[in-house]
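Report on one structure; see the data block that follows.
The values are calculated or read from the model by the stated rules, or taken from the named source; none is laboratory data. Computed from a predicted model, the values in this text were never measured in an experiment. Here the Cβ positions follow ideal geometry from the backbone for every residue, glycine too, while neighbour counts run over all protein chains shown.
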């Protein structure tokens with residue numbers, strides 16, 4: 001990028017984006033760059049972990065909404081994020097009052113080597129416009145809370161929202177970097193709901209507008225909140241644009257009798273009218289049973305492996321898709337301080353041998369490719385940091 005192009009690009013971005021653009025130099029390994037930048041803050045003999053010295057604007061912000069019986073699922077998702085991440089993560093957990101003490105207690109019980117990699121804030125469920133009881137009942141308990149994140153998290157520039165049934169099989173840092181792929185108008189990113197439109201749900205059954213030819217799935221959603229807060233959204237209610245917060249309730253009122261999947265449908269309607277605001281990332285970043293239960297149809301995952309697993313349809317808790325359940329249980333049951341290969345990867349491989357009779361189990365390499373690569377990196381980093389390169393033979 002030439003000097004003038006770089007400065008133009010910089011002017012388009014908000015403050016926090018500019019910092020992270022500098023930090024994650026596209027031509028350098030970000031972790032090396034960061035270690036180099038903060039080397040003077042290390043003391044002799046100290047574990048060379050750069051998380052502790054990162055300024056807050058370089059943190060990853062991860063939000064989740066957990067109500068009802070989703071406590072364990074959410075903790076396993078957060079564990080998968082912390083296990084493999086490089087940068088510090090700020091967790092924004094929206095939950096019912098009854099679950100707050102348990103979240104606090106469980107997260108504080110994690111070992112120091114992991115608790116120093118994140119901070120967490122717990123928020124009550126709140127809806128700033130319209131009838132809270134209506135919003136709360138939309139599709140799943142509390143799921144509509146995600147629509148209000150730009151309004152509630154006023155000091156957060158960018159955010160990754162995930163459903164509780166999501167698992168990270170590689171560093172969260174990698175999906176966070178997709179924010180840098182946004183052009184001047186894009187303010188959110190999601191994966192398609194289906195790879196084959198003619199057998200997709202939206203193209204066959206939707207009674208409302210939806211994005212593109214197959215709709216998008218909102219279970220994994222990157223958001224530039226700064227841009228969302230300042231944008232005007234075209235809509236079917238009035239001839240002029242509406243701000244995000246002003247649009248939500250009228251939109252719900254207009255379409256409430258036509259929507260099936262709640263807040264995801266509302267997001268599809270919003271981006272149908274504003275396609276220039278959406279960046280669509282590939283299915284490997286939101287890999288669901290639909291991608292393998294009718295035959296393998298996520299080409300990116302076949303090529304690169306699953307990066308983010310989304311076990312919707314309750315597959316972590318029944319026996320319909322044992323590959324998804326095996327990954328969930330492997331991360332849930334992994335003792336934090338153990339060797340990743342011995343206590344997670346090898347048992348996982350053995351479990352996968354038992355699933356080869358299923359459609360999803362016939363392609364184990366799709367599920368294992370990224371997590372194996374991630375573990376190798378984590379292991380090498382651990383050995384080099386703790387043993388030191390000169391002591392390795």
>> Checking the condition assigned to a helix (DSSP H, G or I) and either outside the structural domain of residue 203 (by the TED database) or crowded, with 19+ Cβ neighbours inside 10 Å (or both), which residue from 265, 319, 338 passes?
In response: 265
> Taking into account only those residues within the range 297-316 that are under 23 Å from residue 114 (Cα atoms) and not in a loop (DSSP other than H, G, I, E, B), which is nearest to the chain's Cα centre (by Cα)?
Replying inline: 308
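Touching a helix residue (DSSP H, G or I) at 6+ places or on another chain (Cβ under 8 Å) and under 22 Å from residue 371 (Cβ atoms) - does that describe any residue in the range 94-111?
At the first step, the residues of the range 94-111 found to be touching a helix residue (DSSP H, G or I) at 6+ places or on another chain (Cβ under 8 Å) are 94-95, 99, 102-103, 106-108, 110.
Filter once more, so that each one left must be under 22 Å from residue 371 (Cβ atoms): 110.
Yes, because at least one residue in the range 94-111 is touching a helix residue (DSSP H, G or I) at 6+ places or on another chain (Cβ under 8 Å) and under 22 Å from residue 371 (Cβ atoms).
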> Out of the range 179-204, which residues are touching a residue at least 12 places away in the same chain (Cβ under 8 Å), in a helix (DSSP H, G or I) and exposed (fewer than 15 other Cβ atoms within 10 Å of the Cβ)?
Replying inline: 180, 181, 199
> surrounded by fewer than 20 Cβ atoms within 10 Å (Cβ to Cβ), in the same structural domain as residue 159 (by the TED database) and either part of a helix (DSSP H, G or I) or modelled with pLDDT under 95 (or both): does that describe residue 102?
Replying inline: yes
> Within the range 66-99, can you find the residues that are more than 17 Å from the chain's Cα centre (by Cα), part of a helix (DSSP H, G or I) and touching a residue at least 12 places away in the same chain (Cβ under 8 Å)?
Replying inline: 71, 72, 97, 99
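Inside the range 269-287, can you point out the residues that are over 18 Å from the mean Cα position of the chain (by Cα) and either at pLDDT below 95 or under 10 Å from residue 211 (Cα atoms) (or both)? Spell out the reasoning first.
If we filter the range 269-287 for residues that are over 18 Å from the mean Cα position of the chain (by Cα), which is where we start, we get 269-277.
Of everything in the range 269-287, those that are over 18 Å from the mean Cα position of the chain (by Cα) and either at pLDDT below 95 or under 10 Å from residue 211 (Cα atoms) (or both) turn out to be 269, 270, 271, 272, 273, 274, 275.
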> Would you say residue 88 is in the same structural domain as residue 143 (by the TED database), surrounded by fewer than 16 Cβ atoms within 10 Å (Cβ to Cβ) and within 21 Å of residue 174 (Cα to Cα)?
Replying inline: no
>> All but one of (1) under 25 Å from residue 297 (Cα atoms); (2) part of a helix (DSSP H, G or I); (3) free of Cβ contacts under 8 Å to residues at least 60 places away in the same chain hold for residue 213; state the number of the condition that does not hold.
In response: (2)
> Looking only at the range 288-313, which residues are modelled with pLDDT under 95 and on the phi > 0 side of the Ramachandran plot?
Replying inline: 295, 313
> What's the number of the condition residue 343 fails, among (1) buried (at least 16 other Cβ atoms within 10 Å of the Cβ); (2) in contact (Cβ under 8 Å) with a residue 60 or more places away in the chain; (3) closer than 20 Å to residue 171 by Cα; (4) over 19 Å from the mean Cα position of the chain (by Cα)?
Replying inline: (2)
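Being under 21 Å from residue 316 (Cβ atoms) and touching a helix residue (DSSP H, G or I) at 6+ places or on another chain (Cβ under 6 Å) is the filter here, so list the residues in the range 263-282 that pass it.
Applying the first criterion (under 21 Å from residue 316 (Cβ atoms)) to the range 263-282 yields 264.
Matches in the range 263-282: none.
Looking for whichever is surrounded by fewer than 20 Cβ atoms within 10 Å (Cβ to Cβ) and either closer than 23 Å to residue 181 by Cα or touching a helix residue (DSSP H, G or I) at 6+ places or on another chain (Cβ under 9 Å) (or both) here; the options are 307, 230. Which one fits? First the steps, then the outcome.
Numbers: 307 fails: surrounded by fewer than 20 Cβ atoms within 10 Å (Cβ to Cβ).
Selected residue: 230, the only one of 307, 230 that is surrounded by fewer than 20 Cβ atoms within 10 Å (Cβ to Cβ) and either closer than 23 Å to residue 181 by Cα or touching a helix residue (DSSP H, G or I) at 6+ places or on another chain (Cβ under 9 Å) (or both).
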